[in-house]
Amino acid sequence: MYHSGKNQFICITVLACFFMLPMLSLAQSGKLNELFSIRAENEPLGEVLDRLSRNTGLTFSYNPDQIKAGKAISINEEKQPLHEILKKLLDPKDFGFRISGNQVVLFRHSAEDSPKPETQVPAQVITPTPAIELVRDTIYIQQLKTISDTIIVKDTLTRFDTVFILRKSPDDRVGKDDIFKDRISLEKEMTKEWQFSLGPVVGFTQSNTLFSGSKKHAEKISKYNEVNTSDQLSYSLGLDFEAAFNQIAITTGVHFTSLIENFEYNYNILTGGYYRKDTIEYYYTEDPPATIYIVDSTYIPVDQEQYGYDSKVKHNYIDIPLMFKYNFPVERFFIYARAGVIAGIHAGSSGYYIEPENMQVGLISELNAKPLVMSYALGAGVVVPIKRKLVFNTGFTFRKSIQDIYDDFPITHKLMAYSIHAGLVFRIR
């Protein structure tokens, strides 16, 4: 009894699968009857298929050489079934398509599948052909060949150029194995290409100088901080070059950076007093006759000189950054964080500084500035695509010099700046 019940269960299961298979096939092919719109004017067939893939949510697998993916085509279809659109793109006499889940395989008809012209055969030679039984949803293959040609990553769109070639044979059977099980994921495909980009960038900076030194200069350091303010807006112009591999990127370039501050300082110089001669009077006497000179003078006890300065202090550098960047994909955008160093080549300074010894002023151009100043930098930003090979990049950066900008000066000067930058990035490859 146990074996009999088990056999009945197996028979019922087989019959259920037999009746459900057509329904499953119909559900998979229902996408081919949905209405879509597509318009193209002298565009490569491969790009039109990519656009159709984004509109339908299906993935098209094909051999670019077979379908001539680079051939320019024109099409204008409004709300047509997907299978009709595919027939307009590919000649049904030469090509066919098959759907499996969300995968549509485009293939060329083999010579055996093409219709052959009828030939006159003598009646006595004709022999009956045995009937061939076709089992629904069962594929017989002699050889499963997977051709992986190239992986192309453009604008975060991964194109899978993988073709599955099936040859019929009554001897071998695929069974229930998924013929697409070896497909590589999108994330792994993105790691297989280097991308290079180049573009101009402009930045606006708020800069300041940090003063430090020994305790004996504490009062003078406090005065330095008082007279140097960061009210002025600085700027930076340059060219960035980037090499990216997956989500990691290295950025360098050449920038002209001008760090500007406001210098406002007033002081007095006091000197000793002096006599101011006002008038000289002449007196005459008759006894004895003589002339007497009398000088009327006033004593001024203090001489005071006042000086006032309100000008810009400017430090110019040719910056060569080396930044490491990590990209976080968010839909079609990139949010990134970066860190690195900036080598600043001194390109001249102007303005005034306070002389530490007597609290007077001197010209910055007379100081011994270091020819190279290293700084560290941190930043973040966002990348927004505009066209296929053109993106907009914006963000902010904090930088601070690691070393003093002058040699042999009793008070240490270190530059610090906050900047907002924006630029266009052209993808070279």
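Annotation: Gly381 fulfils all but one of (1) assigned to a strand (DSSP E or B); (2) in contact with a His (Cβ under 7 Å, 6 or more places away or on another chain); (3) of a type outside the set (A, V, I, L, M); the unmet one is (2). Of the residues making up segment 231-259, those that are charged (D, E, K, R) and either surrounded by fewer than 18 Cβ atoms within 10 Å (Cβ to Cβ) or in a loop (DSSP other than H, G, I, E, B) (or both) number 1. Pull up segment 325-351, narrow it to residues that are surrounded by fewer than 18 Cβ atoms within 10 Å (Cβ to Cβ) and either closer than 21 Å to Lys220 by Cβ or among the aromatic types (Phe, Trp, Tyr) (or both), then point me to the one that is modelled with the highest pLDDT. Result: Tyr326. Within segment 196-214, residues that are under 15 Å from Phe392 (Cβ atoms) have Cβ atoms under 9 Å from residues that are aromatic (Phe, Trp, Tyr) in these pairs: Ser197/Phe241; Ser197/Phe426; Leu198/Phe241; Leu198/Phe426; Gly199/Phe241; Gly199/Phe426; Val202/Tyr235; Gly203/Tyr235, counting only partners at least 6 apart in sequence or on another chain.
Quick grid of which residues meet (1) under 19 Å from Pro200 (Cβ atoms); (2) in the same structural domain as Thr257 (by TED's automatic domain parsing); (3) over 16 Å from the mean Cα position of the chain (by Cα); (4) surrounded by fewer than 14 Cβ atoms within 10 Å (Cβ to Cβ):
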position: Glu357; (1), (2), (3), (4): no, yes, yes, yes
position: Val373; (1), (2), (3), (4): no, yes, yes, no
position: Val384; (1), (2), (3), (4): yes, yes, no, yes
position: Thr397; (1), (2), (3), (4): yes, yes, no, no
position: Asp408; (1), (2), (3), (4): no, yes, yes, yes
position: His413; (1), (2), (3), (4): no, yes, yes, no
position: His421; (1), (2), (3), (4): yes, yes, no, no
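Looking across segment 386-395, just one residue is surrounded by fewer than 16 Cβ atoms within 10 Å (Cβ to Cβ) and either at positive phi or touching a residue at least 60 places away in the same chain (Cβ under 8 Å) (or both), and that is Arg388.
With respect to the stated conditions, Gly46 fails to be small (Gly, Ala, Ser), loosely packed, with under 15 Cβ neighbours inside 10 Å and in the same structural domain as Gln103 (by TED's automatic domain parsing). Checked against the criterion of being in contact with a Lys or Arg (Cβ under 6 Å, 6 or more places away or on another chain), modelled with pLDDT of 90 or more and either of a type in the set (Ser, Thr, Tyr) or within 30 Å of Ile354 (Cβ to Cβ) (or both), the candidates Ser212, Ser197, Ser236 yield just one match: Ser197. Scoring Ser365 on the criteria (1) modelled with pLDDT under 90; (2) farther than 29 Å from Glu242 by Cβ leaves a single failure, condition (1). Checking each residue in segment 245-261 for being in contact with a strand residue (DSSP E or B) (Cβ under 7 Å, 6 or more places away or on another chain) and at pLDDT below 90 picks out Phe245, Gln247.
The values are calculated or read from the model by the stated rules, or taken from the named source; none is laboratory data. Just so it is clear, the model here is predicted, and its values are computed rather than measured. A quick note on method: Cβ atoms are made from the backbone with ideal geometry, for glycine too, and the neighbour counts reach across all protein chains shown.
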